[in-house]
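I have a structure I would like to understand better, so I am pasting it below and will then ask my questions one at a time.
Coordinate-derived values only; no laboratory data. This is a predicted model, so every value here is computed, not measured. Positions of Cβ are generated from backbone atoms using ideal geometry, with glycine treated the same way; all protein chains shown enter the neighbour counts.
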Amino acid sequence: MEEQLLAQIIGKNIMRLRKAANLTQLELAEKLNYSDKSVSKWEQGNGIPDVCVLVQLSEYFNVSVDDLLHEYKEKPLLPMRTRNLRRFLIIALSVGLCWLVAVVCFVLGGIIVPNLNGLWLAFLYAVPASAVVVLVFSCIWGYKWVRIISVSVLIWTTLTCIYLTVFVSVSEPHPTMWLIFLIGVPLQVLALFFFVWWKRTSFFKIK
């Protein structure tokens with residue numbers, strides 16, 4: 001009886017997640033390398049997927065295996081506008097922390113080593129650090145275009161930081177130092193490939 005109840009719970013969860021992802025039973029079955037009859041059987045509570053399939057399902061739907069094994073209880077959601085405002089405040093505070101660290105480094109550096117060149121670079125390094133923060137949160141919350149913009153900012157500002165740091169620290173920098181920016185071209189292409197095309201396909205998903 002307990003096994004039958006577990007099968008029904010798992011089946012309801014699979015059906016709920018499949019419909020939320022706008023997938024047919026056949027489409028989900030293809031992603032799992034199973035037949036649509038197997039998916040139908042699971043959703044009807046007439047069988048329990050093996051552990052490997054449960055792991056595949058949890059990874060595909062971005063839930064835990066435990067979520068599949070327990071009855072789903074819908075949680076009240078905050079309005080979209082309120083949710084986005086909270087997320088924006090979290091990102092803004094985190095970025096502000098990066099700039100606070102930059103200010104502290106600039107002030108302490110000016111007090112401890114007043115004649116040190118390039119203290120202003122602390123503010124420049126705050127830009128790629130901020131981009132990393134935004135990139136992390138955009139990946140967590142699924143903001144695709146924010147991810148693309150933040151990774152682009154990260155690439156080019158990091159290269160700029162390296163370029164200017166060399167100019168400040170070396171008395172006679174190499175005249176072809178500007179070639180470092182060519183590294184950003186393939187990195188930018190790879191970033192666009194990964195975040196725009198690869199994420200939209202299931203070709204690279206592990207079966």
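Tell me the label-point distance for the pair Leu179, Val136, using the 7 Å Cα-to-Cβ offset, in nm and rounded to one decimal.
3.6 nm
Then there's this: What does the convex hull of the Cα atoms come to per residue for the range 83-200, in Å³?
84 Å³
Label-point separation (nm) for Lys73 and Asp36, each offset 7 Å from Cα along Cα-to-Cβ?
3.6 nm
The range 1-26 to the range 126-179: how many Å between their Cα centroids?
So the two Cα centres are separated by 44 Å.
Which order do the peptides 12-20, 83-91 come out in when sorted by mean C-beta neighbours inside 10 angstrom, highest first?
Going by the mean number of other Cβ atoms within 10 Å, highest first, we get 12-20, 83-91.
What is the calculated FRET efficiency for Phe106 to Val170, with r their C-beta to C-beta distance and R₀ = 22 Å, to the nearest 0.05?
Once rounded, the FRET efficiency stands at 0.55.
Using +1 on the beta carbon of Lys and Arg, -1 on that of Asp and Glu, and nothing else charged, what's the dipole of the range 83-200 about the Cα centre, debye to 20?
The dipole of the range 83-200 has a size of about 780 debye.
What FRET efficiency comes out for the pair Leu6/Cys52, r = Cβ-Cβ distance, R0 = 22 Å, nearest 0.05?
It comes out at approximately 0.80.
If the range 2-69 were replaced by its equivalent ellipsoid, with semi-axes equal to the square roots of 5 times the Cα gyration tensor eigenvalues, what would those be, largest first, whole Å?
16, 13, 11
So if we plug the beta-carbon distance of Phe194 and Asn117 into 1/(1 + (r/R0)^6) with R0 = 30 Å, what FRET efficiency do we get, rounded to 0.05?
Approximately 0.20, to the nearest 0.05.
Can you match log10 I(q)/I(0) by the Debye sum over Cα atoms at q = 0.09, 0.16 Å⁻¹ to one of these, (1) -0.45, -1.09; (2) -0.34, -1.03; (3) -0.58, -1.10, based on a calculation from the structure here?
(3)
Run through every distinct alpha carbon pair of the range 132-175 and return the Kirkwood hydrodynamic radius in angstroms, one decimal place.
After inverting the pairwise mean of 1/r, the radius is 11.9 Å.
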